[in-house]
Amino acid sequence: MNITAKDVAALRDMTGAGMMDCKKALVDADGNMEKAVELLRERGVAKAAKKEGRIAAEGFIDAYVHGGGSFASLVEINTETDFAAKNEELREFAHNIAMQVVASRPICVNIDEVPQDKIDAERNIYRVQLLNEGKPETIVDKIVDGKINKYYEEVVLMEQPYIRDDSGKKKVKDVLTELVAKIGEKITIRRFYMMTMGEGLTKRNDDFAAEVAAQTQK
């Protein structure tokens, strides 16, 4: 089975789904275009993709506080209508995402928001490591690409495994796509903010015993 870029592009034109979703559907369908379209519809990807051009300016902000106030996060979810913003399943998803931000510490929502200097730095580290391990330079770049994809799964919220999925197979973006298909509106995770108690403050590190001793000698 040989899935070409032309096949992927054709499926994308037919459904509006993303390139990676199209490629996966074609692989799962053994290259059968009609079956791939069916798979995308079953997964809600095609339906969700058609809503990408819509404007989602309503929504809400959810918060999560952990560790007795030691860690907290805010997450903004945008929807097309105020009605969808009140959906209980969406509200639960938003709260879980706020929990995920605290637990998994992403640095951004989407891949295109990862600073290029961070990507370049990671690529350089991986490349040097692989060359030091004796890997042939002809395959190093391909291995590095795979490692960068794993890096995205660590630092990009949409690429992270969803914390409420016991199977470990669904990413945040997969669950969001399912919600879009179910609710029937464009839904986006616009931004998040993470707070750690005392972060950035200079904390005292005095030797209390020495301080008491000094006071008693006066």
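Quick note: the coordinates plus some simple rules give every number you see, no bench work behind them. Being a predicted model, the structure only gives us computed values, none of them experimental. Glycine also receives a Cβ, built like all others from the backbone with ideal geometry; neighbour counts cover every protein chain displayed.
Values as computed for the structure displayed
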{"quantity": "Separation of the Ser70 and Arg41 label points, Cα + 7 Å toward Cβ, nm", "calculated": "5.1 nm"}
{"quantity": "Point-to-point label distance, Ala63-Ile148, nm (Cα→Cβ direction, 7 Å offset)", "calculated": "3.9 nm"}
{"quantity": "Theoretical gain in end-to-end length, Lys118 to Lys86 [0.36 nm per residue, Cα-Cα removed]", "calculated": "7.8 nm"}
{"quantity": "Difference of contour (0.36 nm per residue) and Cα-Cα distance, Met20 to Ala5", "calculated": "4.3 nm"}
{"quantity": "Span from the the stretch 156-195 Cα centroid across to the the stretch 75-116 one, whole angstrom", "calculated": "7 Å"}
